[in-house]
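The values are calculated or read from the model by the stated rules, or taken from the named source; none is laboratory data. As the structure is a prediction and not an experimental result, all values here were calculated from the model. Methodologically, a virtual Cβ is constructed for each residue, glycine included, from the backbone with ideal geometry; neighbour enumeration extends over all protein chains shown. Each accessible area value is taken on the protein alone, full model and side chains, heavy atoms only, with ligands, DNA and RNA left out. Shrake-Rupley method; radii C 1.70, N 1.55, O 1.52, S 1.80 Å.
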Amino acid sequence: MVITHRRLVAATLVAALALLAAWTPARGAEPAPAATAPNIIFVLVDDLAWNLVPYLPQVRQLQGEGATFTNYTVTDSLCCPSRSSILTGQFPHDTGVFTNGGADGGFAVFKGRGNENRTFATVLQGKGYRTGFMGKYLNGYQPADTQGGSQPYVPPGWSEWYGAGNGYPEYNYDLNENHTVVHYGSQPADYLTNVLSRKGRDFIQRAAAANTPFLLEVSTFAPHSPFTPANQDLDDFPGLTAPRTAAYDRLPANAPSWLAGNGPLTAQEKSNLDTNFRKRAQSVQAVDRLIGNLRAQLTSSGIADDTYVVFSSDNGFHMGEYRLTGGKQTAFDTDVRVPLVVAGPGVVPGSQRAEIVQNIDLAPTFQRIGGADVGTYVDGRNLLPLAQGEAAPNWRTGALIEHRGPNQAADDPDAQDRRNGSPITYEALRTATYTYVEYSNGEREYYDRTTDPHQLDNIAAGLTATRRAALHDALVAYVACHSHSACWTAGHVPA
């Protein structure tokens with residue numbers, strides 16, 4: 001069924017009442033949650049790198065009130081593999097999702113391997129939480145697809161669902177709103193990030209009124225290309241240019257072959273990068289307002305002190321570094337190291353944690369916040385003790401990154417060529433001090449980030465045979481881990 005946004009407005013009151021009724025479970029249908037169970041709001045943005053945080057005052061305020069994880073990385077700097085790890089707490093080698101589509105990635109693979117039945121949403125719903133999802137799900141998901149059923153498909157685990165398909169342009173898109181497809185057009189009120197903000201506030205208000213703990217994930221398409229700002233932000237930051245870091249328009253010494261052939265950026269490429277960076281900064285203004293609106297609703301509903309607010313991105317984004325135009329998918333910090341900020345009950349205000357943490361740690365964190373056990377299949381660990389200031393002397397020392405490429409499918413919104421950066425298949429270790437990469441063609445990279453923070457000198461060839469063997473063995477063991485305990489052990493890699 002497809003209806004327009006205007007037609008939906010006429011039925012808003014009726015729909016709201018119906019949803020409130022639907023939220024009242026039948027006797028014995030759901031376990032009763034603990035009376036003191038806290039709420040969780042998870043704001044996940046798309047392609048946001050650390051260099052956009054200065055343009056997000058709400059995120060900076062969240063940092064002042066909570067904990068920032070300075071060594072947080074994703075399992076792959078690509079949308080679907082990263083989001084799959086977030087939802088399940090598993091590495092790509094356990095979710096089976098390595099790309100955005102085809103035989104080894106996308107929504108179809110994620111669903112086909114049963115991953116939807118073991119997300120943090122299904123676990124928390126099983127503990128009596130009301131769970132809400134809004135925005136971007138997984139590449140390949142289409143709002144009208146029934147997946148063989150009688151109505152548009154909603155994944156298990158979600159009490160309320162507002163899932164989009166092609167929401168990248170921010171206008172003229174469809175949402176699956178609890179099994180009903182609603183079309184949004186090109187009016188200012190249809191701007192997707194703003195729509196998610198309104199729906200998020202409404203969800204919080206109703207959940208608070210029902211005195212039921214909830215988890216709400218709001219997953220924006222911003223600031224993913226085409227970097228579309230809201231109308232009110234189109235003139236922001238005049239003259240803003242892409243950051244000229246030490247890596248801008250420079251190749252690393254001894255660059256891998258997929259990168260080594262790139263010549264200097266042209267004047268036109270630099271101009272395009274500047275324009276796009278400015279548009280990215282403009283597009284996240286709506287994200288910042290969304291965060292502010294959700295937190296304001298928490299306050300007005302009287303539940304701010306009982307709610308964790310988590311902000312992060314599915315991957316980073318390079319813009320001119322290493323002679324690459326705008327893109328991701330590499331093992332450089334520009335792409336794999338992204339913001340993670342957590343605020344809420346017991347979290348130490350203004351704190352920073354430098355432990356090696358990853359997106360596989362979000363699912364077990366949410367589950368433990370909700371009082372749920374963490375399954376042995378989960379590769380990650382609960383981060384809440386770190387956010388609350390506890391010491392962690394035996395924490396993991398290495399992060400694992402797994403990537404399959406080159407990724408050049410024509411229908412992939414993240415398709416990249418040599419100029420954007422289209423690395424071949426690799427696995428990598430990232431510790432607090434170095435990044436080590438092994439490519440499928442036998443090439444290797446090693447960057448000592450203590451002396452080379454911008455990763456401009458690949459010294460892999462100069463490592464001793466003993467050191468190379470130790471790194472290789474550690475990487476092989478990490479890729480082979482398949483359980484909570486095994487991946488924890490494998491995460492303690494050579495210093």
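Name the residue, out of Leu294, Leu251, that is at pLDDT 95 or above, crowded, with 17+ Cβ neighbours inside 10 Å and not in a helix (DSSP H, G or I).
On inspection, the qualifying residue turns out to be Leu251.
Could you check Ile369 against (1) touching a Leu at 6+ places or on another chain (Cβ under 8 Å); (2) surrounded by fewer than 23 Cβ atoms within 10 Å (Cβ to Cβ) and say which number it fails?
(2)
Does the range 386-395 include one or more residues that are in a loop (DSSP other than H, G, I, E, B), free of Cβ contacts under 8 Å to residues at least 12 places away in the same chain, open to solvent by 10 Å² or more (accessible area, probe 1.4 Å) and at positive phi?
No: zero hits.
Could you check the range 430-467 and list, in sequence order, the residues that are buried (at least 16 other Cβ atoms within 10 Å of the Cβ), among the basic types (Lys, Arg) and under 20 Å from Arg396 (Cα atoms)?
Residue satisfying the conditions is Arg430 alone.
Which members of the range 427-450 meet the condition of being closer than 19 Å to Ile356 by Cβ and in a loop (DSSP other than H, G, I, E, B)?
Thr431, Ala432, Thr433, Arg449, Thr450
Going through His482, His492 one at a time, which residue ends up being closer than 30 Å to Thr68 by Cβ and open to solvent by 60 Å² or more (accessible area, probe 1.4 Å)?
Residue meeting the stated conditions: His492.
Pairs, please: C-beta under 6 Å, at least 6 apart or cross-chain, first residue more than 20 Å from Ser219 (Cα to Cα) and in the range 139-154, second open to solvent by 50 Å² or more (accessible area, probe 1.4 Å)?
Gln151/His179
Go through the range 57-89 and report how many residues are in a loop (DSSP other than H, G, I, E, B) and open to solvent by less than 10 Å² (accessible area, probe 1.4 Å).
7
Is there any pair with a first residue in the range 423-451 that is closer than 16 Å to Thr464 by Cα and a second that is among the small types (Gly, Ala, Ser) and part of a strand (DSSP E or B) whose Cβ atoms are under 6 Å apart and which are 6 or more apart or on different chains, and what are they?
If the second residue must be among the small types (Gly, Ala, Ser) and part of a strand (DSSP E or B), the pairs left are Val437/Ala428.
Would you call Ala354 at pLDDT 95 or above, aliphatic (A, V, I, L, M) and more than 18 Å from the chain's Cα centre (by Cα)?
yes
Asp145 - would you say it is in a loop (DSSP other than H, G, I, E, B), on the phi < 0 side of the Ramachandran plot and open to solvent by 10 Å² or more (accessible area, probe 1.4 Å)?
Spelling it out, Asp145 is indeed in a loop (DSSP other than H, G, I, E, B), on the phi < 0 side of the Ramachandran plot and open to solvent by 10 Å² or more (accessible area, probe 1.4 Å).
For residues that are outside any helix (DSSP H, G or I) and either acidic (Asp, Glu) or open to solvent by less than 10 Å² (accessible area, probe 1.4 Å) (or both), scanning just the range 333-346, find the one that is farthest from Val309 (Cα to Cα).
Here the answer is Val338.
Search the range 214-242 for residues that are open to solvent by 10 Å² or more (accessible area, probe 1.4 Å) and pair each with any residue that is assigned to a loop (DSSP other than H, G, I, E, B) when their beta-carbon atoms are under 6 Å apart and the residues are at least 6 apart or on different chains.
Note: pairs meeting the criteria are Thr228/Pro169; Thr228/Glu170.
Restricted to the range 148-189, and to residues that are exposed (fewer than 15 other Cβ atoms within 10 Å of the Cβ) and within 19 Å of Gly106 (Cα to Cα), which residue is nearest to the chain's Cα centre (by Cα)?
By that ranking, first place goes to Asn166.
Taking only the range 297-307 into account, find how many residues are surrounded by fewer than 23 Cβ atoms within 10 Å (Cβ to Cβ) and in contact with a helix residue (DSSP H, G or I) (Cβ under 6 Å, 6 or more places away or on another chain).
So the answer is 5.
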